[in-house]
1. Per residue, how much accessible surface does the chain expose to a 1.4 Å probe? Answer in Å², no decimals.
2. Quick one: with all protein chains in place, what share of the accessible area of the chain is carbon or sulfur, to the nearest percent (1.4 Å probe)?
3. Could you work out the helix-only [θ] at 222 nm for the chain, with each DSSP H run of four or more residues adding -39,500 (n - 2.57) and the total divided by the number of residues, to the nearest 500 deg cm²/dmol?
4. Relative contact order, percent, of the range 8-229 when contacts are C-alpha pairs under 8 Å separated by at least 6 residues?
5. Lys/Arg Cβ at +1, Asp/Glu Cβ at -1, dipole of the chain taken about the Cα centre: which of 75, 190, 178 is farthest positive-ward?
6. Using 0.36 nm times the number of residues separating residue 64 and residue 183, minus their current alpha carbon distance, what extension gain do you get?
7. With the cut-off at 18 Å, report for the range 72-189 the share of all Cα pairs above it, as a whole percent.
8. Can you pull the semi-axes for the chain, root of five times each eigenvalue of the Cα gyration tensor, sorted largest first, whole Å?
Amino acid sequence: MSFSRTIKIAPSILSADFANFGAECRAIEAQGADWVHVDVMDGHFVPNITFGPATCAAIRPHIKGVMDVHLMISPVDAYIDAFAAAGADVISAHLEAGPHIHRTLQAIRATGKKAGLAINPGTGIEAVSHLLDMVDLVCVMTVNPGFGGQKFIHSQIEKVRNLRAMIGDRPIHIEIDGGVTVETAPLVAAAGADVLVAGSAVFKGGSVENPAPYGANIAAIRAAAVKAQG
Ligand code: DX5
Ligand code: ZN
């Protein structure tokens, strides 16, 4: 995983067919996905439940590129080794998930995986400034985590711009998660984001049997973002 600020589209398999994850991962990569975004939810940190490390391990052989695991769980630390062993390339934990995010990020880095720090819409970036030497990615949530298909929260764009200025020339990705569409992707790309997670906007209209719409959706989001990134 060499560092670059080129736009990367990361479809979230939260919007995939849960009975067919392997084929869905192969289909989105064949249709142009750069990363595969995997949303882990525990019914405690967020109101929804998805799946855990066993499912991540099962889908790993179906992903050629980056497996980007977004942990919406609390506590986090006891499960980091399991997600690393499951083959995650990036493991993101939420700043709000516990009192010791510094320790959590250290533990992720200790596995040899890239460390991501996710922040909810209500969280400011001041705390992030103290963690910049420990993270490879900051995930700015542009919806309240828990469900796909929610409306993009526009107040987060200014946060992305400020975060981009704070990061400077450090090799840290800015990832956007929630409500990314052809309309909102340019707004966050212009503000400094380079990884765009999209669930419903990628999977709409397509299926494993008919994956071409995945490719058209990915291409449209990418084109809009690249144009805005300049
Ligand atoms: C929300 C998840 C997102 C979600 C995005 O809690 O972290 O990754 O799947 O879905 P869309 O793109 O539909 O907003
Ligand atoms: Zn996510």
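The values are calculated or read from the model by the stated rules, or taken from the named source; none is laboratory data. Given the structure is predicted, the values throughout are model-derived calculations rather than measurements. Here the Cβ positions follow ideal geometry from the backbone for every residue, glycine too, while neighbour counts run over all protein chains shown. Only protein heavy atoms, including side chains, enter the accessible area calculation; ligands, DNA and RNA are left aside. Shrake-Rupley method; radii C 1.70, N 1.55, O 1.52, S 1.80 Å.
1. Numbers: 9290 Å² over 230 residues.
Using a 1.4 Å probe on heavy atoms only, each residue of the chain averages 40 Å².
2. Numbers: 5070 of 9290 Å².
Solvent-exposed carbon and sulfur of the chain make up 55 percent of the total.
3. On the way: 8 runs with 74 residues, N = 230.
The helix-only estimate for the chain comes to -9000 deg cm²/dmol at 222 nm.
4. Numbers: 467 pairs, mean separation 43.5, N = 222.
RCO, the range 8-229: 20 percent.
5. Ranked along the dipole, the leading option is 190.
6. On the way: separation 119, 0.36 × 119 = 42.84 nm, distance 2.88 nm.
Additional length available on full extension: 40.0 nm.
7. Numbers: 3459 of 6903 pairs.
Here the tail beyond 18 Å accounts for 50 percent of pairs.
8. Values: eigenvalues 113, 93, 49 Å².
Here the semi-axes work out to 24, 22, 16 Å.
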